[in-house]
Amino acid sequence: MEQIKWKLNNLPKSKNREEGIKFLNDDEITKVKGFHESFPQYKETPLVNLENLAKSIGVGGVYLKDESYRFGLNAFKVLGGSFAMAKYMADKLGKDISELPYEKLISDEVRKELGDITFFTATDGNHGRGVAWTANKLKQKAVVYMPKGSSITRLNNIKAEGAEATITELNYDDAVRLATENAKKVDGLVVQDTAWEGYEDIPAWIMQGYGTLAKEAISQLKGYGVDRPTHVFVQAGVGSFAGAIQGYVASEFDECPITVVVEADQADCYYKSAEAGDGKPRFVGGDMQTIMAGLACGEPNTIGFEIIKDYSEAFISAPDWVSAKGMRILGNPLRGDEKVISGESGAVTTGTLVSIMQDENLAQLRKSLKLDENSKVLLISTEGDTDPDKYLDIVWNGECPSL
Ligand SMILES: Cc1ncc(COP(=O)(O)O)c(C=O)c1O
């Protein structure tokens, strides 16, 4: 069975790296969070203190943000889509986002002024559900393409929001191209959670949208007496999420927390870029068969890539069993710790952290990352059981056993 692979970040840094994260600083994210707070569904998601897990693996603290509670959608992704769609509408109306809280956004008045908009996107499930949910609230149309092999439950959840959704024969990156081409034909709006040259406004707003959860987490940590996490583990598909969290924490603290980027080994474009070492992104193609559907993306987001290259400490390429192990750990906690239902893409950072602390083959990485009894580690479970059958196959029936 495959081992965890890792690479410390020796990529060349941008000359003025602070410029690249300005759009994620606290002033910006305060406005974003204010927008999300205007939603009737808004409630801070829990930050769980896994005190006994921390003790058992030899770190000072493990704090896990549980995004399964986000807006009743079982994943964090709606934060990005909703903010980007609102920003687009605010720009069209010549208004500031602060003038477009939820009630206004979904009002008939705004609907009339803007007319029909069809939102197009490609998704493994979570992003598309967030876009479809927002479009539904706006009484607008959404068209959603999913990669080959996507979960039927995830498809049905998107359809339940009134979107036109299909599972294609393409991988994620090609499904993005399909969404873009088809949007062009009908003058639709692409709301994609990744950036490429010439398409950067909407993905930047999506990344800002994710900032809300980072801001919540940093404030919740203070409630546990932790002024600054020493380590942050973030999972990456295209790297919008990882870049957003990284950008926010890097602008918040003079001493930047050590950030570790974790990918599915079948879609490890950041790890491969780190191995190549020249500062240019590398792509992974093909079907990218992994249980971590949300991380099955082979082409880095151009904005996320720069931030991650400039600020991350290490890149991890994790086989499926690492995520399965994380799901089992979080679903079956040590006595006294709270249970968290974490899905495949949500749990991989937990599996990675525990492996780094316990596996002697990873002792060098542990040392390089300075992970010890003084470490206060922030993890984010980005989804719950978004594919409930698969969740049970793994947690109850032992699919993907640990190494
Ligand atoms: C649950 C979950 N976690 C993490 C990610 C990774 O986000 P990104 O593609 O921005 O790297 C995704 C992306 O779809 C996801 O659905």
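If you count only protein heavy atoms and use a 1.4 Å probe, how large is the accessible surface of residue 224, to the nearest 10 Å²?
The value for residue 224 is about 100 Å².
Can you pull the semi-axes for the range 128-278, root of five times each eigenvalue of the Cα gyration tensor, sorted largest first, whole Å?
Three semi-axes, in Å: 31, 20, 15.
Could you tell me the relative contact order of the chain? Use alpha-carbon pairs under 8 Å, at least six residues apart, and round to a whole percent.
Contact order relative to length: 24 percent.
If you count, for each residue, the other Cβ atoms within 10 Å and average over each peptide, how do 172-178, 379-385 line up from highest to lowest?
The densest-packed peptide leads the list: 379-385, 172-178.
Using the alpha carbons of the chain, what is the convex hull volume per residue in cubic angstrom, as a whole number?
Normalising the Cα hull of the chain by residue number yields 128 Å³.
Based on the alpha-carbon gyration tensor of the range 1-152, what equivalent-ellipsoid semi-axes (square roots of 5 times the eigenvalues) come out, in whole Å, largest first?
Sorted largest first and rounded, they come to 33, 21, 19 Å.
Filter 22/55; 55/367; 22/112; 31/104; 95/141; 184/280 down to the pairs with a C-alpha to C-alpha distance above 25 Å, please.
22/55; 22/112; 184/280
As I understand it, the dipole of the range 55-103 uses +1 on the Cβ of Lys and Arg and -1 on the Cβ of Asp and Glu, about the Cα centre. Which of 101, 56, 71 lies farthest toward its positive end?
Sorting the options by dipole projection puts first 56.
What ranking of 263, 200, 360 comes out by heavy-atom accessible area, probe 1.4 Å, highest first?
The residues order as 360, 200, 263, largest area first.
Arranged from highest to lowest average of other beta-carbon atoms within 10 Å per residue, in what order do the peptides 3-13, 238-248 appear?
Ranked by mean Cβ neighbours within 10 Å, highest first: 238-248, 3-13.
How do 24, 114 stack up against each other in accessible area, from largest to smallest, with a 1.4 angstrom probe?
114, 24
With springs only between Cα atoms under 10 Å apart, run a GNM on the chain and tell me which of 67, 18, 113 wobbles the most.
Top of the fluctuation ranking is 113.
By how many nm would the segment from residue 182 to residue 112 lengthen if fully extended, with 0.36 nm per residue of separation less the alpha-carbon distance?
So the extension gain works out to 22.7 nm.
Considering every pair of different Cα atoms, what Kirkwood radius, in Å, is found for the range 268-329?
For the range 268-329, the Kirkwood estimate is 12.7 Å.
List the aspartates and glutamates whose alpha-carbon lies under 20 Å from that of residue 376, not counting same-chain residues fewer than 8 positions away?
Correct list for residue 376: 51, 66, 67, 216, 227, 252, 254, 255, 313, 337, 338, 359.
Going by alpha carbons, how many degrees (0 to 90, nearest 10) lie between the helix axis of 344-358 and the longest principal axis of the chain?
20 degrees
Would you work out the charge dipole size for the chain about its Cα centre, treating the Cβ of every Lys and Arg as +1 and the Cβ of every Asp and Glu as -1, and quote it to the nearest 20 debye?
Computed charge dipole of the chain: roughly 240 debye.
Using packing as a proxy for protection, rank 390-399, 93-102, 161-170, 302-311 so that the peptide with the highest average count of other Cβ atoms within 10 Å comes first.
Final packing ranking: 302-311, 161-170, 390-399, 93-102.
Mind checking the per residue accessible area of the chain for me, 1.4 Å probe, whole number of Å²?
39 Å²
Within the accessible area of the chain, what % is carbon and sulfur when the probe is 1.4 Å and the other protein chains stay in place?
Heavy-atom surface of the chain belonging to carbon and sulfur, 1.4 Å probe: 46 percent.
By DSSP, what percent of the beta bridges with both residues in the chain are antiparallel, rounded to the nearest 5?
25 percent
Got a sec? What order do 201, 116 fall in by accessible area at 1.4 Å, biggest, i.e. largest, first?
The ordering from most to least exposed comes out as 116, 201.
The values are calculated or read from the model by the stated rules, or taken from the named source; none is laboratory data. Predicted, not measured: the structure shown is a model, and the values here were computed from it. Using ideal geometry, Cβ is built from the backbone for each residue, glycine included, and neighbour counts are taken over all protein chains shown. In case anyone asks, the SASA skips ligands and DNA or RNA and just uses the protein heavy atoms, side chains included. Shrake-Rupley method; radii C 1.70, N 1.55, O 1.52, S 1.80 Å.
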